[in-house]
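The values are calculated or read from the model by the stated rules, or taken from the named source; none is laboratory data. Here the structure is a predicted model, which is why all the values come from computation and not from measurement. Cβ: placed from backbone, ideal geometry, glycine included. Neighbour counts: every protein chain shown. In case anyone asks, the SASA skips ligands and DNA or RNA and just uses the protein heavy atoms, side chains included. Shrake-Rupley method; radii C 1.70, N 1.55, O 1.52, S 1.80 Å.
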Amino acid sequence: MDEGLAALIAGLAGLAGGIGGSAIGAVATARAMARQVRDQATTEHGQWIRDQRMQAYLTLMQEWDAAHTRLKNIWTQAEDVYYEHLNQILQGEISEIFNTFLGQLEEATTPTTTAFERVAMLGPSEVDNAVLGLEQALQDLRSVTKVRLYPVPDRNTGWDSEAWSVSDAAAARAREVFVDRVRRVLDIPPTPTPQV
């Protein structure tokens, strides 16, 4: 009987160990599967954010470039008008043309507002800081042009383009910084968050 009892106890212990081992294995498998699903969801969300950012960045560059072109065109046309009508300007007769340019100037950067806001929503902060530089560059170009147009350009000094050139060079640098920051952000593939 002792041998039978010992065999029964050994069998029950083996059964309990097998059930316990299976349970531990099942829990470990379930945790691994849950982590895999969570990691996949995190990666897919990261890819979605990356795609949204890329679209927002491209849209902003298109809008920014168009606004820059509009500002440059206003500057160039106003300069042409200045030299074409210098005699009338000297007599103070042409302020209405420059008022037209001032009206165009007010609208030149308006289309960029939504693009700037979208990028600000999507970030990250590294790009947000570069976006502030882009916004400031457009505002500086706009201000330089406005100062040049109002009051009517100075009759004694001629058309001075130095302020535009300085602001335009700063705008080009701001654009380069933005492109560099965007490239850095988009070069990082989305990955799951490391588990602690």
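Derived scalar couplings between HN and Hα for the range 106-115 equal 4, 9, 4, 9, 4, x, 7, 4, 5, 5 Hz in order, rounded to whole Hz, by the Karplus curve 6.51 cos²θ - 1.76 cosθ + 1.60 (θ = phi - 60°), x for Gly and Pro.
Protection proxy ranking of 134-141, 111-118, by the mean of other Cβ atoms within 10 Å over each peptide's residues and highest first, is 134-141, 111-118. Counting only heavy atoms of the protein chains and using a 1.4 Å probe, D180 has close to 60 Å² of accessible surface. Multiplying the residue separation of Y83 and E3 by 0.36 nm and removing their Cα-Cα distance gives an extension gain of 17.0 nm. With θ taken as phi - 60° and the Karplus curve 6.51 cos²θ - 1.76 cosθ + 1.60 applied, the whole-hertz 3J(HN,Hα) list for the range 49-58 is 4, 4, 5, 4, 4, 4, 5, 5, 5, 5 Hz, x standing for glycine and proline.
Simple spin-label estimate for R183 and W159 gives 3.5 nm between the two label positions (7 Å along the Cα-to-Cβ direction from each Cα).
Inter-label distance, T76 to L58: 2.7 nm, where each label sits 7 Å from its Cα along the C-beta direction. Backbone geometry of the range 116-122 corresponds, through the Karplus equation with coefficients 6.51, -1.76 and 1.60 at θ = phi - 60°, to 3J(HN,Hα) couplings of 4, 5, 5, 5, 4, 5, 8 Hz, x marking Gly and Pro.
Between E117 and A169, the modelled labels are 3.6 nm apart [label points 7 Å from Cα along Cα→Cβ].
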